[in-house]
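One structure below.
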Amino acid sequence: PAQALSRVEHGRGVTAAKFNASGTSVVTTSYDNTLRVVSVAGRAETRKLQHNNDTGRWLSAFQAVFDPLCDDAIFIGSMLSPRGVDVLSASSGTRLHRLEHPNFGFVTSLNVWHPGLRMLAGANSSGKVLLWR
């Protein structure tokens, strides 16, 4: 039978839990305005990152995703203006980079990497999709 290996608790609802490409960590996204990085081997939270996840009731909830080529980079949409995608370090919690463009005027709550190309697609519940390369 399956057994629970660890438990991570957020103060509010969890909107996503995603593994990194090597399967060594999980990032969780929550309405409590945090991301949590959990080590699979240590079965414990390794980092708590602050991030404004209050998308409100009209936008899809944020879902953080790992970069498939870098286990330390987490991509997540941002409520900040100008609109963009934050790239955060799983190990230090700092912002490594921010994707911005003048034609990018909406929040991308949902982000996913192309399985074979270096391309990120960002979307939300308003029906808009943006491709980054």
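For the range 83-93, the condition of being at positive phi and out of contact with any Phe, Trp or Tyr (no Cβ under 7 Å at 6 or more places or on another chain) holds for at least one residue. Being open to solvent by less than 80 Å² (accessible area, probe 1.4 Å), over 28 Å from Arg7 (Cα atoms), out of contact with any Cys (no Cβ under 6 Å at 6 or more places or on another chain) and part of a loop (DSSP other than H, G, I, E, B) is a property that does not hold for Leu130. Under the condition of being among the polar types (S, T, N, Q), surrounded by 15 or more Cβ atoms within 10 Å (Cβ to Cβ) and not in a strand (DSSP E or B), the residues counted in the range 34-57 number 2.
Val27 falls short on exactly one of the conditions (1) touching a residue at least 24 places away in the same chain (Cβ under 8 Å); (2) surrounded by 15 or more Cβ atoms within 10 Å (Cβ to Cβ); (3) in contact with a Ser or Thr (Cβ under 9 Å, 6 or more places away or on another chain), and that condition is (3).
Among residues of the range 79-95 that are over 21 Å from Leu110 (Cβ atoms), those with a Cβ under 7 angstrom from a residue that is open to solvent by 70 Å² or more (accessible area, probe 1.4 Å), sequence gap 6+ or separate chain, pair up as Ser89/Leu96; Ser91/Arg47; Gly93/Arg47.
State the number of residues belonging to the range 91-120 that are small (Gly, Ala, Ser), surrounded by 14 or more Cβ atoms within 10 Å (Cβ to Cβ) and farther than 18 Å from Thr15 by Cβ. Walk me through it before giving the result.
We begin by selecting, within the range 91-120, every residue small (Gly, Ala, Ser); these are 91-93, 105, 109, 116.
Narrowing the set further to residues that are surrounded by 14 or more Cβ atoms within 10 Å (Cβ to Cβ) leaves 93, 109.
So of that shortlist, the ones also farther than 18 Å from Thr15 by Cβ come out as 93.
Count: 1.
Based on what the data block shows, is Ser125 open to solvent by less than 50 Å² (accessible area, probe 1.4 Å) and in contact (Cβ under 8 Å) with a residue 12 or more places away in the chain? Answer is no for this residue. Of all the listed residues (Phe19, Phe106), the sole one being under 21 Å from Leu131 (Cα atoms) and touching a residue at least 24 places away in the same chain (Cβ under 8 Å) is Phe106.
Take the conditions closer than 19 Å to Leu131 by Cβ, in contact with a Leu (Cβ under 9 Å, 6 or more places away or on another chain) and without any contact (Cβ under 8 Å) to a residue 60 or more places away in the chain and apply them to Val37. Does it pass?
Working: closer than 19 Å to Leu131 by Cβ: no; in contact with a Leu (Cβ under 9 Å, 6 or more places away or on another chain): yes; without any contact (Cβ under 8 Å) to a residue 60 or more places away in the chain: yes.
No.
Within the range 58-90, the set of residues being open to solvent by less than 70 Å² (accessible area, probe 1.4 Å), of a type outside the set (A, V, I, L, M, F, W, C) and in a loop (DSSP other than H, G, I, E, B) comprises Ser60, Pro68, Ser78, Arg83, Gly84.
The values are calculated or read from the model by the stated rules, or taken from the named source; none is laboratory data. Since the model is a prediction, treat every value here as computed from it, not as a measurement. Cβ sites come from the backbone with ideal geometry, for glycine too, and all protein chains shown count toward neighbours. Surface areas here come from the heavy atoms of the whole protein model, side chains and all, with no ligands, DNA or RNA. Shrake-Rupley method; radii C 1.70, N 1.55, O 1.52, S 1.80 Å.
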